[in-house]
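Data block below; observations after.
Any read-out appearing in this document is the output of simple, stated calculations on the displayed coordinates, not a laboratory observation. Keep in mind that what you see is a predicted model, and the values were worked out from it rather than measured. No Cβ is skipped: glycine too gets one built from the backbone with ideal geometry, and neighbour counts run over all protein chains shown.
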Amino acid sequence: MPEVVITCDWTMMSNHHGKEFLGFGTTSPAYVFPESVYQRLFFPRMPVDPNGFPQQAPYGMRKVEASLLDAGFDARIVHPSHLDRYMPGQAKVLLVSGHDYFGLNPPSSTFQGLIRKDPLNCVNFKRMLSQPHVLKAREQGMKLIAGGPCAWQLAPATQMKVPWIGEFVASIGGIDCVVEGEADQYVREVVRKALNDEFLPPHIVLTPKEAPKVEQISTIRYPSVNGLIEIGRGCCRGCSFCSVTTRPTRWYPLEKIEAELKVNEQIGIRKGLLHSDDVYFYGSPNVMPREDKLLPLLALAKRHYEQVGWSHVAVASLMTKPKLLSKCAEVLLDEKQSWWGVEVGVETGSPRLITAAMPGKVAPFKASQWPELVVQAAGLMNDNHVYPACTFIVGLPQETEDDVLKTIDLIDDLWDFKAILVPMFFVPLGHLKTKDWFRRDRVSKAQQELLKRALTHGLRQSKGLLEDFFDWEGAHTSAYRATFRGFIGFLEAVARINGLWSEPNGPVGRIQDPLLTPERLPIPTIPVRE
């Protein structure tokens, strides 16, 4: 049984009903309804075996687990509800990971800023580390090591800016070591020192030069949440607000990818995601897509999964070779799959802001072409049955009022496309990590209108996407559709009551208070199944 335990909070240790996008629901606070309703909607409990090992676990944690197992450590991922089996007593080291420990990342920070309440991921992370058996194990000397993409939230500099984080860390007996960066190899050294009770640096930042080579990255041993499989790491576009662009671009060979596809396939996972920061240029050393690389990758994925989605794609990549997308559709779409989803970083509708903050995002095109490229890419995707979640950044340090108005114009141009528009408050990462967070008290009249316009668009389009999104077979499908239709209807009622509903060419209003207090809201009846 493991002496090195790896875990995360309950919002991550879920397959979100087999729909990765529903995981975004865990970045919002439990608003009006009790948390149990959100749990059933967005993060149902993951099945475990008799040892408390989850059937599926987040992919990044599976990578760490595989690296430790490859190095001979007695390590396993354990469901947060079953940590009491191993502590206090057996577990000597606890590794924790997460996408957003304290709700500081987008989109959690946006919801937290508007609703003024801790999001579900933050609440559950604090709850997980505050369990009595975890605290007792800490008192008895168990080492606690934190990592993952949000490890920066536990860094000393962050704790100075956000004092309540430091207070929480102190309440659980501190964190022995925080590791930032790609720790596939380094985690072995940290765990070895922890097990031998050697000195652990309190904060380690691994530089891009220390990023592992492809051959140094372990292949997962056990299934990942929703069949997500990494096909590469890094990005060469160089956006100033993104930490991924600081890392070198590396692509996994097909043999390595297939080995992980088989791990998921063996337990019956038949729907999965291919993950990289731009799936469209898999195998390419630059921003020019390689058809001879991408199409074989998709064909390989379809041999193991009935349905294949993409994590991310760039607008400029799509428009560099638009005809390639239809060839991708020919590979992916069949009697088992009628559409696929992807996240697209639109960020802004302003060519000026593209030049100021993210000139590489539009390469090989000109910044002046950006709004037109986004609209054309949206049409291209919809024509090929691709339904994107488009993210926008609100409050970049370089942003002006005119930039915001141009983004509103772009949202209006996207009004009738099948897509979800997701505005997110700026968070200081990447080359802008020394800047300050964008907060609610800085929201201008134009930014308020942008938020309202995106909310309205999202609610309108969500209704139409339900039939495609819940494409399961079985008796429960109609019940889930009805549940989420009711939830969307509730959100629409909230938006209309509060003056948050905004359509193109309508009056530009000012948000006095983004949301009503729970006591004033009508609470509709929404059927929720166990």
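A few points about this structure:
- Cα-based shape type of the range 277-333, given that a ≥ b ≥ c are square roots of the gyration tensor eigenvalues and the cut on a/c is 1.5: prolate
- Gyration tensor (alpha-carbon) shape descriptor, the range 228-438, a/c threshold 1.5: prolate
- Judged by the mean number of other Cβ atoms found within 10 Å, the most tightly packed of the peptides 150-158, 128-136, 10-18 leads the ranking 10-18, 150-158, 128-136.
- Mean Cβ neighbour count within 10 Å, used as a protection proxy, ranking 182-191, 287-296 highest first: 182-191, 287-296
- Cα gyration tensor shape for the chain, rounded if a/c is under 1.5, else prolate or oblate: rounded
- Distant-in-sequence amide contacts of Phe392, defined by a placed amide H-H separation under 5 Å and a gap of 5 or more residues or a different chain, comprise Glu347, Val422, Met424.
- Under Stokes-Einstein, with the Kirkwood radius over Cα pairs as Rh, the value for the range 4-210 at 20 °C and 1.002 mPa s is 124 µm²/s.
- Label-zone membership for the range 78-98, site Asp197, 7 angstrom Cα→C-beta point, backbone N under 17 Å: 89-94
- Protection proxy ranking, peptides 356-367, 44-55, 160-171, average beta carbon neighbours within 10 Å, highest first: 356-367, 44-55, 160-171
- Placing a pseudo-label 7 Å from each Cα along the Cα-to-Cβ vector at Glu401 and Lys293 gives an inter-label distance of 4.5 nm.
- Based on Cα contacts under 8 Å between residues 6+ apart, the chain shows a relative contact order of 12 percent.
- Residues of the range 362-389 with amide N under 13 Å of the 7 Å Cα→Cβ point at Thr355: 366-370
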